[in-house]
Amino acid sequence: QAGVDVRAKDKTYGCTALHWAARTGNARVVRALTSCHCPIDYSNHLGETALHWALRAGKRSKSSVKALVKDGARINIFNKNHRRPIDLAGHGFHFPKIKRMRINFPRQSPSSEDTPDTTASATTPSNTTVKTNTPDPPNYEQEANPSHHEDRMATRTNLLAIARKCRTLILHHPECCDHVPKSKADWENPDRIRSILSRVQNAGCIDPHEVTISHDFDKATLELLACVHTAEYLTFVNNLSKDLERQGEQAKGGHAEVGAVPFTPQVQRQVLLRPKTEVKKHSDTAFSVGSLRAARRAAGAVQHAVDQVLVGRNRNAFCIVRPPGHHAGAAGLLEGSDSCGFCIFNNVAAGAMHAISERHAARCEKVAIIDIDVHHGNGTEDILKRSSEPQKLFFFSVHLFDDDRKTEYQFYPGTGDADDVTHNIVNVPLAPMWRDREVNSVIGRHAGGGRGATAGLGLAPSSPPSRTVHNTRSRRRTKRETRYMPAAPAASGGSGSESETDTDPAAAKAAAAPPAPAPAAPSGDIPSHFLLGTGRQAYRMAIVTRLLPALRAFNPDLVLISSGFDAAKFDVGNARHGSRAERQGMDLEPEDYAWVTRKIMEIADICCQGRVVSVLEGGYGMTRRKKAKTRAAQRNATADEQEDESLLDKGVFAECALAHLSAMIDPYGVCIDGASQEWEPSTKQET
């Protein structure tokens, strides 16, 4: 009425009056300004809207956050540092350059809705001089102090209560437990997803407002499954399921359950047409009456998650489903492989094909699949190589690789030792920790020194501890294949990358660099991947130097993660089994999974508005330490007691999954177990 221009902005930040009203928590002024047509989503010099500043201010701006959202403020606008408003909750205004400005905060009426938080009011009284900041894009962001964690969580909860689109979607379904293994002691069993869900729902680690847990989704359509698997394989799986159902109906009164049958040998005989294949009594991959329902439901979860994330109903999604799928190729079992690896349908490949289908043509043109399982995703790679549109797909896998010619041992599945540039496939094989001695020798000869990268990180290589033998999935090669690199002249330097690459905070600059090449092969008959080292240091180096630049260069519209947690320390999935005690191949901790998830989320925020769907793959647990018993007690132990003792401890597995989920929920906050502390690999070698 007085002719004041509500669109005016200050020279320092480019903020309107709405920014400052939102920062002080004055909901009455916020509503007055929006009613006078003040642009509600106007961005200042930092690319931040009034909602960004309201979230930055913390708890004192609860009422202004509600007013802005109610009046139509968009909750998913990114600032120049690729952060949403919720990512900045409680971060404050701690920019590098500080300038004092005198701000007169208007006096408030005692209205409960408009009065800012009393704690905040006490620290910012009226007519006081406060520190503000001059913009310094693009590298102005600073992490919040861990002591402000409570204020940050309260601020996030306030927004998440009214803006469900910011939540992470968690999908699971009871039918996934109908896929029954041969015995309770099998690695892949229903307790895997139960252990994760119990942590999410009962441990109090996840705020209920942070996630939306649902089992309301359909099974995967046959049309979608036909995009990733052959018609012969789908027919075989359907017929096998019907045969088991028929056998169950013919049993006593139709109520007796038919046990699980070996799956891999039947695929070999009926799909790959190997009639002489012997059907063994036990196979690591089993198939039961409920397996088809479970497998279709697992793929359906990914299909539903892709829909929800692409249309913006959820920020990202985590599918806690089984059976896993990344070893399932187009025909189920790949030629040359002797195991289906617990997989029936390829869930993540089905999600990728659904994303680039006509249904989402306007939203998604390119999809990246990142496989962090300790085993190579050979099935996913097989399906992507058969795609008629390879330019739309990208596949990255970091995994253990060991092909011992002397003992004819091959770590499953024995693939993934080379890239396929034509099909956008990047494979990063890592040497297992039981090859530490050879790896140290190669690095010492090649670089002229010891393992300087590890010494610089404070991550000392650990020797594999002695563990109890667990014979499931132990295997030897049937054919003497050689996957070593040919001899090449020795190259100087360390890992083959001249400088380290990171995405925090200026991810765009680091990721704009071309993908780092694979390490040059050392002289002699030595695998080139030995140069990366072993364990956590090698794993993180692979992510920083190989994944992040390649992912940024591909610039996907959606990121799918094959989330296997079997690279965790003491997990049986990464151990070498045989006549000797278990030998550990990888030693990742829960904070490592949080770290790699945050790095992926940072690139996703730059490329595709944070659209990420994670799908559970491997991860099984650790062998329990057997308690000492007398011989009489051992003789008198029942079969059930002996089987219970052979069950795997899934505590660390569930913790790793929870760390991964926590990083998806809040990638820029203080993560559990100190996971927010930055880790940067050193490329310098110490002599």
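Values quoted throughout were computed directly from the atomic coordinates according to the rules given, and no laboratory measurement underlies them. Bear in mind the structure is a predicted one, so any value in this text is a computation, not a measurement. Neighbour counts run over all protein chains shown; Cβ positions are idealised from the backbone, glycine included.
Given R₀ = 45 Å, FRET efficiency for A226-V4 by Cβ-Cβ distance, to 0.05?
Once rounded, the FRET efficiency stands at 0.10.
For the range 549-582 and the range 1-54, compute the distance between their C-alpha centroids and round to whole Å.
One Cα centre to the other: 46 Å.
Of the listed peptides 424-436, 563-575, what is their order by residue-averaged count of other C-beta atoms within 10 Å, with the highest listed first?
Ranking the peptides 424-436, 563-575 by packing returns 563-575, 424-436.
Please work out how much length the chain gains when fully extended from Q201 to R445, using 0.36 nm per residue of separation minus the C-alpha to C-alpha distance, in nm with one decimal.
82.7 nm
Report the net charge of residues surrounding N555, where surrounding means a beta-carbon distance below 11 angstrom and charges are Lys +1, Arg +1, Asp -1, Glu -1.
So the environment of N555 carries a net charge of 0.
Say each of A553 and D216 gets a label point 7 Å from the Cα, pointing the same way as Cα to Cβ; how far apart are those two points in nm?
Here the modelled spin labels are 4.4 nm apart.
Among L169, N158, P181, which residue has its Cα furthest toward the positive end of the charge dipole of the range 150-190, with +1 on Lys/Arg Cβ and -1 on Asp/Glu Cβ?
Of the options given, the answer is N158.
Considering the options A330, H423, L393, tell which one lies farthest towards the positive end of the dipole of the range 305-448, charges being +1 on Lys and Arg and -1 on Asp and Glu at the Cβ, about the Cα centre.
Towards the positive end, the residue furthest out is L393.
Please list the non-local residues whose amide H lies under 5 Å from the amide H of R583, H modeled 1.01 Å from N, same-chain partners needing a gap of 5 or more.
Residues meeting the amide H criterion: R576.
Please find the FRET efficiency linking T235 to E438, where r is the Cβ-Cβ separation and R0 is fixed at 41 Å, and quote it to the nearest 0.05.
Working from the Cβ atoms, E equals 0.30.
Please state, to two decimals, what the Cα-based radius of gyration of the range 300-443 comes to when divided by 2.2 N^0.38 Å (N = residues).
This ratio for the range 300-443 stands at 1.16.
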